[in-house]
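Let me begin by presenting the structure, written as structure tokens, before commenting on it.
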Amino acid sequence: MAQGWDDGRGVRFGAPAIVVLPVKEAKGGQPAMRSPEARLAEAAGLARAIALDVVYAEAIKLRAASASTLFGKGQIERLAAAVAAHDAQLVVIDGVVSPIQQRNLEKALGAKVIDRTGLILEIFGERASTREGTLQVELAHLQYQASRLVRSWTHLERQRGGFGFMGGPGESQIEADRRLIRDRIVRLKAELEDVRRTRGLHRRQRQKAPWPVVALVGYTNAGKSTLFNRLTGAEVRAEDLLFATLDPTMRAIKLPGYDKVVVSDTVGFVSDLPTQLVAAFRATLEEVIEADLIVHVRDISHPDSDAQAADVAGVLSDLGLADEINRVPMLTVYNKVDALDADQRAALAAMELSGGNAIGISALTGEGVDALRAEMAVLLRSDARVHDIQLAADDGRRLAWLHEHGDVIARRSGDAGLAIQVRLSDADRARFAAL
């Protein structure tokens, strides 16, 4: 469960909240890829993802951000009036807010204030369920809190006496809390290292298994989990909700020519990823690096679908994973075609014909999913080459595997056994060698 915002004023999940988007003037006259309306809608969606009651949302233009309060005097007065009118307990600022700005805004507005980083951390804290996910989120929370003790814990700044014979002026409570947080961070990093080591062993074991891996990636709420459930028959949480999935889930499916393929559902991407969560994202996406095929799921019905795709590429680049992932075949899936009108469907069909590895589907209704399965199987063999393999005459198990995972071109019996000529991908050739 997330740590929440109860700081003595009773701010809880489900509380009435106001969402504010600071809109800075674009530099150099370059228009932003995402409109303020879409950004504000996403921010409100993030707030609702932890059951906050969004009672008011506004985009506020900033010519220059105030170092002390972020917004101008008149803008703050208007926000304070909105807080009072809606009896809001929380104000979510969809941007970066410094500790000083946060403290001053709370005084001026009479409500708790959190920024985008704090909000996303709370969502992750509520949703993470695996041991590694829980540890990563707690570590991110502590790193975020450590920089904000002076802002949120001013009631702890009274001095307390020294202990035992040491005497002296003692240690302020805030200094003690910082020390406790530092100690906890050290312990968490040690625990995470143990978890990573164990996960690495499991991943190496999977690499020896004779099954290819397909990883689903995409912007949050693009429909990855719905597609995962459609492909696998699983019941992974799939809702019209940002960050419905945080911990990676794996299931086995069958594809044409493959009796078993492992599909991985990963955490959704988001723009302006908090730096504290970069490590958590990277750990999750290490599973993607090891995949044989990446399926990039896009919500084609979303007005900012192109901007979301750019954000996915940007996060991969920020994590230093872009080059590694570019070595893996990628299939773009335009999801939610059921939400398109006739003209939009025609435009999508033209895009599919000219866009390389791309296919339109509806994970919700199942439209196009059979074609997707076939295309996934084709791409898993995209680097296939012809190999000459010698088998013992009675090695029926490995012979059956070759027929299941490759295209057997020729088969000859001789004194030395069976000479097989088969077309296999490099990954499948390595899996065959591990049998």
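State whether one or more residues within segment 24-32 are assigned to a strand (DSSP E or B), at pLDDT below 95 and either surrounded by fewer than 12 Cβ atoms within 10 Å (Cβ to Cβ) or not assigned by TED's automatic domain parsing to the domain that holds GLY133 (or both). Yes: one or more hits.
Only one entry of ALA347, ALA358, ALA393 meets the criterion of being at pLDDT below 85 and outside the structural domain of HIS296 (by TED's automatic domain parsing), and that entry is ALA393. Considering the conditions (1) more than 23 Å from the chain's Cα centre (by Cα); (2) at pLDDT below 85, VAL186 is excluded by exactly one of them, (2). The residues in segment 43-85 that are surrounded by 14 or more Cβ atoms within 10 Å (Cβ to Cβ) and either in a loop (DSSP other than H, G, I, E, B) or hydrophobic (A, V, I, L, M, F, W, C) (or both) can be counted, and the count is 23. Annotation: ASP94 fulfils all but one of (1) among the acidic types (Asp, Glu); (2) surrounded by fewer than 16 Cβ atoms within 10 Å (Cβ to Cβ); (3) within 30 Å of ASP306 (Cβ to Cβ); the unmet one is (2).
Residues in segment 406-434 that are touching a helix residue (DSSP H, G or I) at 6+ places or on another chain (Cβ under 6 Å) and in contact (Cβ under 8 Å) with a residue 60 or more places away in the chain were compared, and the one that is nearest to LEU255 (Cα to Cα) is ASP428.
The residue of segment 154-181 that is modelled with the highest pLDDT, among those that are surrounded by 11 or more Cβ atoms within 10 Å (Cβ to Cβ) and over 23 Å from ARG103 (Cα atoms), is GLU171. Evaluate segment 343-358: report whether one residue or more is free of Cβ contacts under 8 Å to residues at least 60 places away in the same chain, among the hydroxyl-bearing types (Ser, Thr, Tyr) and touching a strand residue (DSSP E or B) at 6+ places or on another chain (Cβ under 7 Å). Checked against the condition, which is being free of Cβ contacts under 8 Å to residues at least 60 places away in the same chain, among the hydroxyl-bearing types (Ser, Thr, Tyr) and touching a strand residue (DSSP E or B) at 6+ places or on another chain (Cβ under 7 Å), segment 343-358 yields no hits at all.
One line per residue, one yes/no per condition, for (1) of a type in the set (Val, Ile, Thr); (2) over 19 Å from LEU293 (Cα atoms); (3) more than 42 Å from the chain's Cα centre (by Cα):
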| site | (1), (2), (3) |
| --- | --- |
| GLN390 | no, yes, yes |
| ARG398 | no, yes, no |
| TRP401 | no, yes, no |
| HIS405 | no, no, no |
| SER413 | no, yes, yes |
| LEU418 | no, yes, yes |
| ARG423 | no, no, no |
| ASP426 | no, no, no |
| ARG429 | no, no, no |
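When GLU122, GLU132 are checked against the criterion of being buried (at least 22 other Cβ atoms within 10 Å of the Cβ) and modelled with pLDDT under 90, a single residue qualifies: GLU122.
Would you mind stating whether VAL92 is of a type outside the set (S, T, N, Q) and at pLDDT 90 or above? Yes: the conditions hold for VAL92.
Restricting to segment 379-405, and then to whatever is under 22 Å from PRO256 (Cβ atoms) and either of a type in the set (Ser, Thr, Tyr) or free of Cβ contacts under 8 Å to residues at least 40 places away in the same chain (or both), can you tell me which residue is surrounded by the most Cβ atoms within 10 Å (Cβ to Cβ)? Residue satisfying both the conditions and the ranking: LEU402.
Quickly run through segment 304-319 and pick out the residues that are free of Cβ contacts under 8 Å to residues at least 40 places away in the same chain and more than 18 Å from LEU331 (Cβ to Cβ). Within segment 304-319, SER317 is the sole residue that qualifies.
The values are calculated or read from the model by the stated rules, or taken from the named source; none is laboratory data. Not measured: the values here are computed from a predicted model. In this analysis, Cβ positions are derived from the backbone assuming ideal geometry, glycine residues included, and neighbour counts consider all displayed protein chains.
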